[in-house]
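Here's the structure we're looking at; comments come further down.
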Amino acid sequence: MSAIDLGAFAAAIIQGEIEIIDLTHTLAPEFPTIVLPPEFGQSSPVRIETISRYDADGPAWYWNNITLGEHTGTHLDAPVHWVTGKDLPDNSVDTMPTRSMIAPACVVDCSAQAAADADFLLGVPALQAWEATHGTIAGGSWVLMRTDWSKRGPIAFANIGPDGPHTPGPDADAIRWLVEERGVLGFGTETIGTDAGQGGHFNPPYPAHHYLHGAGRYGLQCLANLDRLPPTGSLVVAAPLKIRRGSGSPLRVLGLVATR
Amino acid sequence: MSRELAPPPRRNPLVRTPLPQPMPAFRARATHALTAAAAEGRFALQRCPACGRVIYPAHDACPGCLSPALVVADVPSGGRIVAETSVRAPLHPHFRQRSAWRIGIVHLDCGPSIVAHLHGDCGDGERVRMTMKLDKAGTPAAFALPETETPHMQDDPQLREFTASPKHRRVLITDGRTAAGQAMVRAMIEAGVAKLFIGLGEPWKPLAEDAIPSALKGVEIVPLDLGDDASVRDLAADIGGKVDILVNTAEHIRPGGLVDQRNGQALRDGFETTVMGLARLARAFGPAMRSRGADGTDNAVAWVNLLSVYALVNWPEFGLYSAGQAAALSIAQSLRAELRPGGIRVVNVFSGPGDTEWFQHLPPPKVAPAVLARETVAALREGLEDVYVGEIAKDIKARLEDNPKAVERELG
């Protein structure tokens, strides 16, 4: 085996032969945050307060204080986030192995189905059909569910009705199959969670959280620009903040795509 | 009879906005004995328990018997005008801005003769109902009203200087999601506002279609998230110069005290809304409102805080909530002093538990949001500063005046 040429890799980035796509939403106060019944604890939304902006509080410098929950904006869920993953080793963002922070991605395009049905569920047959075209999902890959949800405005993005949010996601069988049969690194969505909006009514409730984190796998949510990734062949860089015993973290997610 | 107030014209952009000229504010300490009653809309004067004499203006000792043990007590408000005049060229800039200004001497049935501001419908020799109002400097001033209601009585220009009627004014309700906010919308529309801005944060959270009559003329829903600095600043940049009355209807009610909380989240969330949110509003909207205190008949006049009566004494069952309310009250006191130079009246409306989801476990009496809204509008019309709505609030206030330590123990 020949030596790995990181120089060639770097050169390809500089030459634009590898495009780096930002899969991240801007962290902003108006971006919807997960909502729980008010008697539960709530995530702090994103808050940005200016310390100084070239003014009496700091004549030559501008900086902000920020407040935010671990699960705001484009963010990663670590296994410890869910009760099923609470006793696993290295289950928080500070102990997450760095090799899990860069991984290939399989992008499953569900945008047409999601546009037709906000409660669309990705099932095993659809994943098998995807494999028939694009090949078997390799172990250690991210599986990213493209729904074009990131293109929606805040109201349609949250899509909350009197019976809770209506957003697409995987069904329980699909997640279990990806974890147990394909050994994926994690599952990523454009919606506010890895589970469908109505996932609380599934068996088990919130199956993506249940199975992914129970098996030490990760979740990525509120992703953007998935339409710019090819079905296979891209590389995702997703390195969370090193928060002590953190259950998740907002992060910059990059998609590397070869342009030739 | 008063002339009905016409809807104010749009501003002439070439004309300098009149600056609020502060009223003469210095008063002897004894005068402020009358301030509390005036703030609540009661007509109270000093009375000498030794000789029974009713005294005005306020003294340190009874002018009749020299007893220093004067009390302030509600007294009959009837009287007759014995002299009246119009001051056409007053010396003080505040009154010059408003001349001619009618004043008169009213002989009160309870004894003293008072130099008072006169309502336009009060003629020489006529019977009047005397009130004590807080003027724009926050000091008590005698204001004579017609004995019985007259047509368009509220529209009298001199009375409007001592009140904060919503009629033809533009009102910002900061949170249209709360029950109080929604009730306030209806009450303000009934009060004849020219424009109603209703703040709505997190627009992606649904709101029942009939919650706010947003299709009504003059009603406009505006984005406002009191937790977000930029959101508050952005709205003030858009409409800050058009808010004549601000009503802060935001609330964050959670049960519980300190010891049994698992973390500080509820306390922080509560303070974020009630304390930090109020401070953000003050920073963003305060300067423009303070500068517009003399800006025509739809000038900036009032800032209303809806507070719990447990701002005055902690109710440990809702201990964190009470703490946030106490902090908000303290902020409101600072705000009152800071806005006074503009003649903006800061009105604190104290109520007991509302008839809402967070107090569902409590038996009546509870304050219906519609009652809270109605009393708020009434307080603005009367020019009050401190308002107690509902039996619980009135009871707590009375008991605090009697024995605050006992109330603390009884609540906990």
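Values in this text are rule-based calculations from the coordinates and carry no lab data. Everything quoted here is computed from the prediction, not taken from an experiment. Methodologically, a virtual Cβ is constructed for each residue, glycine included, from the backbone with ideal geometry; neighbour enumeration extends over all protein chains shown.
Values computed for the structure shown
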read-out	value
With Cα atoms, 0 to 90° folded angle of helix B:369-382 axis to chain B main axis	30
All Cα pairs of the range B:292-345, percent lying beyond 14 Å	58
Acute angle (nearest 10 degrees) that the helix B:319-339 long axis makes with the longest principal axis of chain B, alpha-carbon atoms	50
MRE, 222 nm, helices only [DSSP H, n ≥ 4, -39500 (n - 2.57), over the protein assembly as shown, to nearest 500]	-6500 deg cm²/dmol
Compactness index (Cα Rg / 2.2 N^0.38 Å), the range B:29-153	1.08
Distance between the range A:39-65 and the range B:327-366 - C-alpha centres, whole angstrom	28
Label zone at A:Ala129, where the point sits 7 Å out along the Cα-to-Cβ direction: the range A:223-237 residues whose backbone N lies under 20 Å	A:227, A:230-232
Computed log₁₀ I(q)/I(0) - Debye formula, equal Cα scatterers, no solvent, the range B:273-412, q 0.12, 0.15, 0.20 Å⁻¹	-0.52, -0.78, -1.25
A:Ile102/A:Glu180 FRET efficiency (R0 25 Å; Cβ-Cβ; nearest 0.05)	0.60
Cβ-based net charge around B:Gly383, under 12 Å, with every Lys or Arg adding one and every Asp or Glu removing one	-1
Taking the convex hull of Cα positions in the range B:1-58, its mean projected area over all directions (nm²)	7.9
Gained length - B:Arg11 relative to B:Arg29, 0.36 nm times residue gap less alpha-carbon distance	2.4 nm
Alpha-carbon centroid distance for the pair the range A:91-135 / the range A:235-258, whole angstrom	16
Loop GluC sites (Glu not before Pro), the range B:148-226, which have at most 14 other Cβ atoms in a 10 Å radius of their Cβ (DSSP)	B:Glu149, B:Glu209
Ratio of the Cα radius of gyration of the range A:83-215 to 2.2 N^0.38 Å, where N counts its residues	1.05
Relative contact order %, chain B, counting alpha carbon pairs below 8 Å whose residues are six or more apart	16
Chain B: angle of helix B:277-291 to the longest principal axis, Cα-based, in degrees nearest 10	40
Calculated P(r) tail over 11 Å for the range A:42-81, as whole % of Cα pairs	69
Cα principal axis extents for the range B:69-132, largest first, Å	37, 29, 14
Alpha carbon convex hull of chain B, volume per residue in cubic angstrom	154
Principal axis box of the range B:85-220, alpha-carbon based, largest edge first, Å	60, 32, 25
Overall dimensions of the range A:102-170 by Cα: Rg and Dmax, Å	13.6, 41
The range B:187-267 - Kirkwood radius from inverse mean 1/r over Cα pairs (Å)	15.2
Trypsin sites (Lys or Arg not before Pro) within the range B:141-232, DSSP loop, no more than 14 other Cβ atoms inside 10 Å	B:Lys217
Overall dimensions of the range B:170-411 by Cα: Rg and Dmax, Å	17.2, 53
Scaled radius of gyration (Cα, divided by 2.2 N^0.38 Å) that the range B:1-99 gives	1.54
Label-to-label distance, nm, for residues given as A:His166 and A:Tyr62 (7 Å Cα→Cβ offset)	4.2
log₁₀ of I(q)/I(0) at q = 0.15, 0.26 Å⁻¹ - the range A:172-260, Debye sum with one point per alpha carbon	-0.64, -1.39
Sum of side-chain charges, A:Leu88 neighbourhood, beta-carbon under 15 Å (Lys, Arg +1; Asp, Glu -1)	-1
Fraction of beta bridges assigned by DSSP in the protein assembly as shown that are antiparallel (%, nearest 5)	55
Trypsin sites (Lys or Arg not before Pro) restricted to DSSP loop in the range A:49-114 with at most 16 other C-beta within 10 Å	A:Lys86
Alpha-carbon centroids, the range A:170-195 and the range B:160-185: separation in whole Å	50
DSSP beta bridges in the range A:118-260 [antiparallel fraction, %, rounded to 5]	40
Cysteines, the protein assembly as shown, no other Cys beta-carbon under 4.7 Å	A:Cys106, A:Cys110, A:Cys222, B:Cys110, B:Cys122
All-pairs alpha carbon distance profile, chain A, 10 Å steps from 0, percent	7, 29, 35, 20, 7, 2, 0
Fraction of the pair-distance distribution of the protein assembly as shown above 43 Å, Cα-Cα pairs, percent	40
Projected-area average for the range B:198-326 over all orientations - Cα convex hull basis, square nanometres	9.7
